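Okay, structure first, notes after.
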Amino acid sequence: MRIALIGIGKIANYQMQAISHTKDIQLVDAHDLDPLRSEELPGSVTFYDNLDKMLQRSEADAFLVSTPTHTHFEVAMKVIEANRVAIVEKPLAANLQQVEALMTEARTRKLPLYTAFHPSYGREVDWWREQRDQENFELGKLIGFESCFSDPYCIDGKLTLGAVGKAGSWIDSGASSLSILSRLLDIESMSLVDGRMTSIQSLNCAQVQGLGIYRFLVDGRTGYGMVDTNWTLGKNYKATRLWYENGVIELDHAKEYGRLRMQGHEELVFNLATDKPRLVNHYCGVFGNLTEMFQQKTDNKDLSEVIHRLLFAAL
Ligand SMILES: NC(=O)c1ccc[n+]([C@@H]2O[C@H](COP(=O)([O-])OP(=O)(O)OC[C@H]3O[C@@H](n4cnc5c(N)ncnc54)[C@H](O)[C@@H]3O)[C@@H](O)[C@H]2O)c1
């Protein structure tokens with residue numbers, strides 16, 4: 001599968017490393033509004049300073065949109081309207097109307113549309129799915145969850161450089177958390193109970209804090225959980241706790257480990273980190289899944305729609 005990249009910023013660097021580690025996928029072309037960004041590219045990649053030109057000339061099978069969140073809609077729509085396949089960084093767009101417009105355009109043209117939910121491919125998430133499927137621990141039924149995504153993007157009342165390109169704590173990290181939950185429970189059974197957001201007029205972002213409370217079904221019973229996103233805690237902390245009848249598993253998405261506390265047993269910690277940065281591990285998962293879906297001529301539109309509906313419902 002040949003990929004062209006749109007937006008050669010911070011995340012593109014990890015994406016390029018992951019592409020080089022994934023078989024059957026190759027970066028062929030790239031575009032950025034800033035021509036200086038082309039210096040980040042390997043010599044084998046052709047740089048275009050004009051997106052229309054790249055869309056006309058490129059032989060890429062798909063175009064990966066890694067530009068700031070508020071530009072996703074415009075850039076992805078341009079790709080789709082050129083009858084080319086778009087892969088878009090999460091969140092797919094900044095509001096539900098834009099998400100639905102992109103979905104409709106792609107469906108009308110019978111084009112696949114992928115959303116790159118990279119945190120959902122964390123090694124700790126894959127590891128817990130494996131343990132659960134193999135029934136390695138007798139935890140009983142899932143009864144609830146709590147997922148916290150905190151980034152130090154608002155310090156001393158001001159946004160830090162890390163917030164550049166991101167829409168807001170809830171829009172960016174809520175999408176991450178919900179995509180992780182989609183791999184751990186039946187996301188289609190989830191619905192919103194309440195959403196609570198903090199926006200500050202003087203800060204140029206949609207919100208600095210956001211909380212979503214959800215209900216979900218497991219084996220016909222209702223469970224409850226909350227997604228908690230925050231840019232004001234001053235720390236990088238990303239973790240999901242799954243509460244079971246007989247214990248709790250904590251998945252640390254920043255440090256890539258799982259911590260298991262089972263009633264009557266000593267705490268167990270499983271280190272899942274590798275010699276690669278966690279974001280490279282995440283994108284290896286994204287690209288592995290992408291090449292598989294590409295071969296099977298499927299995409300993740302339906303899942304992406306469910307995640308974005310749950311996300312925007314909380315606003
Ligand atoms: N930085 C992270 O940790 C991270 C992690 C996961 C996902 N993301 C997502 O990836 C996306 C990009 O984030 P980033 O941190 O790499 O941003 P960034 O600001 O570092 O890079 C964005 C790049 O896109 C270019 N650009 C801007 N508008 C453009 C346009 N219309 N057409 C072409 N190029 C354009 C900029 O010149 C810049 O080089 C965002 O949606 C963000 O939420 C970022």
(request) Return HIS72, HIS21 ranked ascending by Cβ neighbour count within 10 Å, so the fewest neighbours appear first. (result) HIS21, HIS72
(request) Find the centroid of the Cα atoms in the stretch 245-315 and in the stretch 1-30, then give the distance between the two in whole Å. (result) 21
(request) Quick one: which residues, 5+ away or cross-chain, put their amide H under 5 Å from the amide H of SER182? H built at 1.01 Å from N. (result) none
(request) Using the Karplus curve 6.51 cos²θ - 1.76 cosθ + 1.60 with θ = phi - 60°, work out ³J(HN,Hα) for each residue of the stretch 159-176 in order, rounded to whole Hz, and write x for Gly and Pro. (result) 6, 8, 4, x, 7, 4, x, 9, 7, x, 4, 6, 4, 7, 8, x, 5, 5
(message) Between helix 301-313 and the chain, what is the angle of the helix's C-alpha long axis to the longest principal axis, kept within 0 to 90° and rounded to the nearest 10?
(response) 70
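Order by neighbour count: ASP126, ASP252, fewest other Cβ atoms within 10 Å first, most last.
On the way: ASP126 15, ASP252 20.
In increasing order of surrounding Cβ atoms, one gets ASP126, ASP252.
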(message) Along the charge dipole of the chain, pointing to its positive end and built from +1/-1 on Cβ of Lys, Arg, Asp and Glu, which listed residue (SER176, ASN83, LEU290) has its Cα farthest out?
(response) ASN83
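To the nearest 20 debye, what is the magnitude of the charge dipole of the chain about its Cα centre, counting +1 on the Cβ of each Lys and Arg and -1 on the Cβ of each Asp and Glu?
Details: 33 positive and 41 negative charges, 61 e Å.
So the dipole magnitude of the chain works out to roughly 300 debye.
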(request) Would you calculate a helix-derived [θ] at 222 nm for the chain, using -39,500 (n - 2.57) for each DSSP H run of n ≥ 4 and dividing by the full residue count, to the nearest 500? (result) -9000 deg cm²/dmol
(request) Can you check what the Kirkwood hydrodynamic radius comes to for the stretch 120-273, Cα pairs only, in Å to one decimal? (result) 16.2
(request) Any chance you could give the angle, 0 to 90 degrees and rounded to 10, that helix 96-108 forms with the longest Cα principal axis of the chain? (result) 60
(request) Please determine, in degrees from 0 to 90 and to the nearest 10, the orientation of helix 72-81 with respect to the longest principal axis defined by the Cα atoms of the chain, where the helix direction is its Cα long axis. (result) 50
(request) List the relative contact order of the chain as a percent without decimals, with contacts defined as Cα pairs under 8 Å and 6+ residues apart. (result) 20
(message) Need the list of lysines near LYS23 for cross-linking: C-alpha distance under 19 angstrom, and skip anything on the same chain fewer than eight residues off.
(response) LYS276, LYS297
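Coordinate-derived values only; no laboratory data. All values reported here derive from a predicted model rather than from experimental measurement. Here Cβ is always computed from backbone atoms with ideal geometry, including for glycine, and neighbour counts include all displayed protein chains.
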